[in-house]
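Right, one structure below, let's go through it.
The values are calculated or read from the model by the stated rules, or taken from the named source; none is laboratory data. Model, not experiment: these values are computed from the prediction. Note: ideal-geometry Cβ built from the backbone for every residue, glycine included; neighbour counts use all protein chains shown. Calculation scope for accessible area: heavy atoms of the full protein, side chains included, ligands and nucleic acids excluded. Shrake-Rupley method; radii C 1.70, N 1.55, O 1.52, S 1.80 Å.
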Amino acid sequence: MPLAYLNGTYLDQNKAHLPLMDRGLLFGDSVYEVIPVYHGKPFQASAHFSRLQHSLHAIRITNPLSQPNWQQIITALSADNPVPAQAIYLQITRGAYPERAHQLPAQPQPNVFAFSKTIPANQHIRQHGLHVVTQPDERWQRCDLKTTNLLPNVLALATAREQGADDAIMVRDGIAHEGTSSNLIAILDGTLTTAPDSPQLLPGVTRNLILRLAAQANIPINRHSICADELPQADEIWLTSSTREIAPVTRLNQQPIGSGTPGPVWQQIDALYQVAKTNPDNK
Ligand code: PDD
């Protein structure tokens, strides 16, 4: 059984437990971060630590560990799981207290845990793309925070799977915000289009890198919200995340997107992304 980190110790994942009264469980009072590690080397860790700080600050938890401490945990867990690609999950709950009460504890004692999850090879998706459906976005108004309040995401994915799709794009008031665990990028009339940062979506670390790579490659970029109505005419649609990288969407609501195969801009940016993964500057 792989190791987990829990409040200063490493133990078997199936022996690591949180108390029943943990606020993460009772109230979803908790945030997390996901850092990809390729061949033992964390990828874009600084950007993930910044976003973790943003999430913690917004829900009023003081970061319980220093960045070197977090790095040590990532090193230990990734060494325990020596696979080519893995994601390290860092999780912080506000902790457990004797009485179940909504009010914030006077003396917070967060619970901190972390674990590794192997990222499987995604050859089928790279060749054939994802089949996606649109679903209502029923999430709260602070989707820029990486909290564990993921029930609307879980249910949107479940509905998509029932409809024979791989994933869902979440739509609110006619705007397509993001996937259930990924950001949304579309190529509209040759322009790489993605929403500006806002409380409606997570500021994706993968998406930010893609924007930098596209700018370097002189691909035209437009930061504006994507209407769900625009998506069927898109040249290409991608879902991006640290675990999924850049996944081309080849069918939306049972209709092909573009040629129905991963498109040429995806080929170009994905190639640059694969190189960036091996660049030690992207730590
Ligand atoms: N999810 N939007 C949502 C709702 C996400 O959950 C994620 C990532 C992203 C992409 O963010 P990034 O590129 O920084 O990974 C966008 C992770 C992988 C997860 O929850 O497992």
Notebook entry, point to check: Quick check, is R161 touching a helix residue (DSSP H, G or I) at 6+ places or on another chain (Cβ under 6 Å), modelled with pLDDT of 95 or more, away from the ligand (no atom under 13 Å from the Cβ) and of a type in the set (K, R)?
Noted result: no
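Any idea which of N222, N218, N208 is polar (S, T, N, Q), surrounded by fewer than 18 Cβ atoms within 10 Å (Cβ to Cβ) and within 15 Å of the ligand (Cβ to nearest atom)? Write out each step before concluding.
On the way: N222 fails: within 15 Å of the ligand (Cβ to nearest atom); N218 fails: within 15 Å of the ligand (Cβ to nearest atom).
Result: N208 is the single residue among N222, N218, N208 that is polar (S, T, N, Q), surrounded by fewer than 18 Cβ atoms within 10 Å (Cβ to Cβ) and within 15 Å of the ligand (Cβ to nearest atom).
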Note to self: Restricting to segment 167-194, and then to whatever is surrounded by fewer than 20 Cβ atoms within 10 Å (Cβ to Cβ) and part of a loop (DSSP other than H, G, I, E, B), can you tell me which residue is nearest to the ligand (Cβ to nearest atom)?
What the structure shows: S181
Notebook entry, point to check: Could you list, in sequence order, the residues of segment 148-157 that are surrounded by 13 or more Cβ atoms within 10 Å (Cβ to Cβ) and either in a helix (DSSP H, G or I) or among the small types (G, A, S) (or both)?
Noted result: P152, N153, L155, A156, L157
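Looking only at segment 192-220, which residues are over 22 Å from A276 (Cα atoms) and touching a strand residue (DSSP E or B) at 6+ places or on another chain (Cβ under 9 Å)? Don't jump to the end; show me each part of the working.
Residues of segment 192-220 over 22 Å from A276 (Cα atoms): 195-201.
Residues satisfying the conditions are A195, S198, Q200, L201.
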Check: Hey, any hits in segment 82-103 for a residue that's outside any loop (DSSP other than H, G, I, E, B), open to solvent by 70 Å² or more (accessible area, probe 1.4 Å) and not assigned by TED's automatic domain parsing to the domain that holds T240?
Finding: no
Margin query: Looking at segment 256-283 only, could you name the residues that are modelled with pLDDT of 95 or more, in contact with a helix residue (DSSP H, G or I) (Cβ under 8 Å, 6 or more places away or on another chain) and part of a helix (DSSP H, G or I)?
Written below: I269, D270, L272, Y273, A276
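Go through the residues of segment 121-143 one by one and say whether even a single one is within 11 Å of the ligand (Cβ to nearest atom) and surrounded by fewer than 18 Cβ atoms within 10 Å (Cβ to Cβ). Break it down into steps so the answer makes sense when it comes.
Applying the first criterion (within 11 Å of the ligand (Cβ to nearest atom)) to segment 121-143 yields 137, 139, 143.
Okay, now just the ones that are also surrounded by fewer than 18 Cβ atoms within 10 Å (Cβ to Cβ), so none.
Checking segment 121-143: not a single residue is within 11 Å of the ligand (Cβ to nearest atom) and surrounded by fewer than 18 Cβ atoms within 10 Å (Cβ to Cβ).
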Next item on the list: Please enumerate the residues belonging to segment 225-241 that are crowded, with 21+ Cβ neighbours inside 10 Å and touching a Pro at 6+ places or on another chain (Cβ under 8 Å).
Entry: E236, I237, W238
